[in-house]
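A.B. asks: The structure follows.
The values are calculated or read from the model by the stated rules, or taken from the named source; none is laboratory data. For clarity, every value in this text was computed on a predicted model and none was experimentally measured. Here the Cβ is made from the backbone with ideal geometry for all residues, glycine too, and neighbour counts use every protein chain on show.
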Amino acid sequence: MLNSEIYPIFIVDGLSFFDEIYTFKTEKGIDFYVRFVNASHYFSEICASCQMVHEVSFESTVRNGGLDIKISNTIRKIIYLFIVKHESPVMFTCDSTDNLNHCRNKLFKNWYDQWEQKDLFQLEERTIVFDDYILNLGLIAYKWDPNIKEYLKQIDAGSLG
């Protein structure tokens, strides 16, 4: 991906080690925030290796600013840069409270499919059904991550939430 295909990326300073926010502004002046927070609350307290997993989320100052491929490219690049910088798995969650979970899940999968050096990473997906909603979950980690089986074991054991 060329730098001309993404927006300039900035990191918000002053956050804790467990939180990191990246921001960028589109040509239309829309501010985007991509946040990474420690996701250990999703796992059992006995899962020491799960302490390095981060959950990613993003939001903008405008609900629908129209189609702009540079937004997708920039968010995709930020997720990639975060994983490389921290050597930390990233989890994305898409809940069904607004019935858009499948759309968001597909978006994350498409971003992953378009990654640079994708052969270094793996995407593991799970669907967790609760009484009143569904949670689609994806975990992106290096293929060599020695703890991937433990992360998935915790998820499959139903220790989330």
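A.B. asks: Any chance region 40-58 includes a residue that's surrounded by 13 or more Cβ atoms within 10 Å (Cβ to Cβ), of a type in the set (S, T, N, Q) and at pLDDT 90 or above?
C.D. replies: no
A.B. asks: Let me ask something else about it. Go through (1) outside any loop (DSSP other than H, G, I, E, B); (2) of a type outside the set (A, V, I, L, M, F, W, C); (3) touching a helix residue (DSSP H, G or I) at 6+ places or on another chain (Cβ under 8 Å) one by one and return the number of the condition Y80 breaks.
C.D. replies: If we test Y80 against (1) outside any loop (DSSP other than H, G, I, E, B); (2) of a type outside the set (A, V, I, L, M, F, W, C); (3) touching a helix residue (DSSP H, G or I) at 6+ places or on another chain (Cβ under 8 Å), just (3) comes out false.
A.B. asks: Same structure, new question: Of the residues that make up region 97-115, is at least one touching a residue at least 12 places away in the same chain (Cβ under 8 Å), surrounded by 12 or more Cβ atoms within 10 Å (Cβ to Cβ), touching a His at 6+ places or on another chain (Cβ under 9 Å) and more than 22 Å from I46 (Cα to Cα)?
C.D. replies: There is no residue in region 97-115 that is touching a residue at least 12 places away in the same chain (Cβ under 8 Å), surrounded by 12 or more Cβ atoms within 10 Å (Cβ to Cβ), touching a His at 6+ places or on another chain (Cβ under 9 Å) and more than 22 Å from I46 (Cα to Cα).
A.B. asks: Given the condition at pLDDT below 95, exposed (fewer than 11 other Cβ atoms within 10 Å of the Cβ) and not in a loop (DSSP other than H, G, I, E, B), answer yes or no: does some residue in region 16-25 qualify?
C.D. replies: Looking through region 16-25, none of the residues is at pLDDT below 95, exposed (fewer than 11 other Cβ atoms within 10 Å of the Cβ) and not in a loop (DSSP other than H, G, I, E, B).
A.B. asks: With the requirement that a residue be surrounded by fewer than 16 Cβ atoms within 10 Å (Cβ to Cβ) and closer than 17 Å to E87 by Cβ, what does region 125-148 give you?
C.D. replies: Y142, K143, W144, P146
A.B. asks: Considering every residue within region 128-146, establish whether at least one is under 16 Å from the mean Cα position of the chain (by Cα), modelled with pLDDT of 85 or more, assigned to a helix (DSSP H, G or I) and over 22 Å from E5 (Cβ atoms).
C.D. replies: Taking region 128-146 and keeping what is under 16 Å from the mean Cα position of the chain (by Cα), we get 135-142.
Next cut, modelled with pLDDT of 85 or more only: 137-142.
Narrowing further to those that are assigned to a helix (DSSP H, G or I): none.
The answer is no, given that none of the residues of region 128-146 is under 16 Å from the mean Cα position of the chain (by Cα), modelled with pLDDT of 85 or more, assigned to a helix (DSSP H, G or I) and over 22 Å from E5 (Cβ atoms).
A.B. asks: Does I46 count as under 25 Å from Q114 (Cα atoms) and not basic (K, R)?
C.D. replies: Working: under 25 Å from Q114 (Cα atoms): no; not basic (K, R): yes.
No: the conditions fail for I46.
A.B. asks: Given the conditions (1) touching a Lys or Arg at 6+ places or on another chain (Cβ under 8 Å); (2) over 15 Å from M52 (Cα atoms); (3) of a type outside the set (D, E, K, R); (4) in a helix (DSSP H, G or I), which single one is not true for N105?
C.D. replies: All conditions pass for N105, except number (1).
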